[in-house]
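Structure record follows, encoded as C-alpha cells.
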Amino acid sequence: MCTAFIIVGTLSVLLVHVTIDKASAADAVSALEQVRCLDVPAATATANAEFEHSDFWEDNGHTIREAWVELETDGGPPANLALANIVDPSLREAIESARDNPTLANEENVLSSFVEAGPLGKGLAYKSHLLTPAGVSALRSELDKATSSGIPLRRPNAMNRYGCIIDKDVDGAVSLSSLTAFVEDLIDNIARPVGRALFNDTVGAKEDVEHFTFTIRYNAEEDMELKEHRDASVFTLNINLNLPEESYAGSSLYLLDEEDIGNDGTGTRHSIEFEPGMLLIHRGSVRHAALPISSGTRHNMIIWLFGEDGQVRVAPYDEED
C-alpha cells in the first residue's frame, strides 16, 4: 500500500507523496513498497513516438530489480522449473543421450522428435512437444507470481503490449531467478544444440550467443492479433503455455512461403495450430503473423536467439565453411 505523509498547518493541509528518488526518507521504505507506488506508463501509452518510455524504466530499473529480490525472499518457495521436471521425457532423454554420446545416430534421434511445420521441404520451421502439462502449470505458476506481484512490468516489444520480458539485466524485466535460470537452461541444453542442428547453414557457435525472452498474451480485451513481420533473430522458439483445460478459438500462426507465389501476387500462408506445451522453432527471417483470436486467451513464451550485439545472420555459410 502506498503511503502519504499528512502535514497539518494552521491555514492549509499539505500532502507529500512518497516517490522513488534519492531522498533519505525513501531509504526506509522497501524496494517492493516503492515500486508498487510508481505511476507506471500504460502499455498502450506513447510519448514523443516512444512507446517504451525508456526514461521511466532506466530511472527505476535498479529499484525494480531489488524488488524482485525481495519478492523471492518473502514470497514463498518457487516452482521447480528444472528441465528434468518439466520437459517431455522422450525429448529430454534423446537430447541428453546426444549430449553425453555425440554420435550421428543420437543426433538423428533428436531431430526425429521435430516435425517440419509450415512450408514442407523448405527447412523453415519445426515443431515438437516440449513441456509436460505439469511443466506448463509450474511455469505458469511462476509467471502468475510475477504478474500479480504489483511490480511494474515493461511491455514485451514494439508489437506486443501484454506480457513481460524475462531477463536479469533488462530494466523493467522480470528477474525472478527461477524464471531466468529456466530460460538459460532451456537455451543451453535444448535451444542451441537443436537450432544449430536444424539450421546448420546459418547457425553456428557465434550466431546464437545472445537472446531475448518474453511472454505474450492474446485475447479479445488486449492484443488480438499480430501483423506479419520477421523476428530480430537467427532463429526463434515459440512455446505455448496454455493448460490443457484452457481452450481458445482462432489465433493460429501462419508462416509465409515467399517462394510460392499465390494468385494475389504474394507468398502462400501455412497455418500452424498450437497445442499445450508445444514448441515451434523457426528461422527468424521467415515472415509470420498471428491471426485474430475470437475467444479465450492464448499464452506463449518467445525466445529470440542472435549473435553478439544483436547481429542476425541471414546468408548461408560458404560451402568451405
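Brief remarks follow.
- GNM result for the chain, Cα springs below 10 Å: residue of MET301, MET159, MET224 fluctuating most strongly: MET159
- Calculated FRET efficiency, THR147 to ALA197, Cβ-Cβ distance, R0 = 45 Å: about 0.85 to the nearest 0.05.
- Highest mean first, the peptides 276-286, 168-178 sorted by other C-beta atoms within 10 Å per residue fall in the order 276-286, 168-178.
- Residues whose amide H lies under 5 Å from that of LEU130, counting only those 5 or more places away or on a different chain, are MET278, LEU279; hydrogens are built 1.01 Å from N in the peptide plane.
- Within the accessible area of the chain, the carbon and sulfur atoms contribute 51%, probe 1.4 Å, all protein chains present.
- Nearest-20 debye value, the chain charge dipole, Cβ charges on Lys, Arg, Asp, Glu: 740
- Label sites at ALA84 and SER97, each approximated as a point 7 angstrom past Cα along Cα to Cβ, lie 1.9 nm apart.
- Summary value for the chain: 18 percent relative contact order, contacts being C-alpha pairs under 8 angstrom separated by 6+ residues.
- In this structure, the amide hydrogen of ALA117, modeled 1.01 Å from its nitrogen in the peptide plane, lies closer than 5 angstrom to those of ALA125, TYR126, LYS127, counting only residues at least 5 positions away or on a different chain.
- Dipole of the stretch 193-264, positive end: most advanced residue of ASN240, HIS229, LEU198 [Cβ charges, Cα centre]: LEU198
- Annotation: extensible slack from GLU66 through ALA45 equals 5.0 nm (criterion: 0.36 nm per residue apart, minus Cα-Cα distance).
- Point-to-point label distance, ALA134-GLU273, nm (Cα→Cβ direction, 7 Å offset): 2.8
- Rounded, prolate or oblate (a/c below 1.5 giving rounded, otherwise prolate when a/b exceeds b/c) for the stretch 150-240 by Cα gyration tensor: oblate
- Rolling a 1.4 Å probe across the protein heavy atoms gives the chain an accessible surface of 50 Å² per residue.
- Anisotropy class of the stretch 209-306 from Cα gyration tensor, a/c 1.5 cut: oblate
- Under 27 Å from LYS168, Cα to Cα: lysines that are on another chain or at least 8 residues apart: LYS22, LYS145, LYS206
- Compared with the dominant principal axis of the Cα atoms in the chain, helix 89-100 is inclined by about 80°.
- Per-residue ³J(HN,Hα) for the stretch 158-168, Karplus 6.51 cos²θ - 1.76 cosθ + 1.60, θ = phi - 60°, Hz, x for Gly and Pro: 5, 9, 9, 9, 10, x, 7, 9, 10, 5, 7
- Backbone phi angles across the stretch 228-235, fed through the Karplus curve with coefficients 6.51, -1.76 and 1.60 (θ = phi - 60°), yield HN-Hα couplings of 4, 6, 10, 8, 7, 8, 7, 8 Hz in residue order; Gly and Pro are listed as x.
- Rounded, prolate or oblate (a/c below 1.5 giving rounded, otherwise prolate when a/b exceeds b/c) for the stretch 258-305 by Cα gyration tensor: oblate
- Residues in the stretch 147-157 carry Karplus couplings, in order, of 6, 9, 6, x, 7, x, 10, 6, 4, x, 6 Hz; the curve used is 6.51 cos²θ - 1.76 cosθ + 1.60 with θ = phi - 60°, and Gly or Pro positions show x.
- Charge dipole (the chain, unit charges on Cβ, about Cα centre) - positive-most of ASN85, SER178, ALA28: ALA28
The values are calculated or read from the model by the stated rules, or taken from the named source; none is laboratory data. Nothing here was measured: the structure is a model prediction, and the numbers come from that model. Note that each Cβ is placed from the backbone with ideal geometry, even for glycine, and that neighbours are counted across all protein chains shown. The area values use the complete protein model at the heavy-atom level, side chains included, leaving out ligands, DNA and RNA. Shrake-Rupley method; radii C 1.70, N 1.55, O 1.52, S 1.80 Å.
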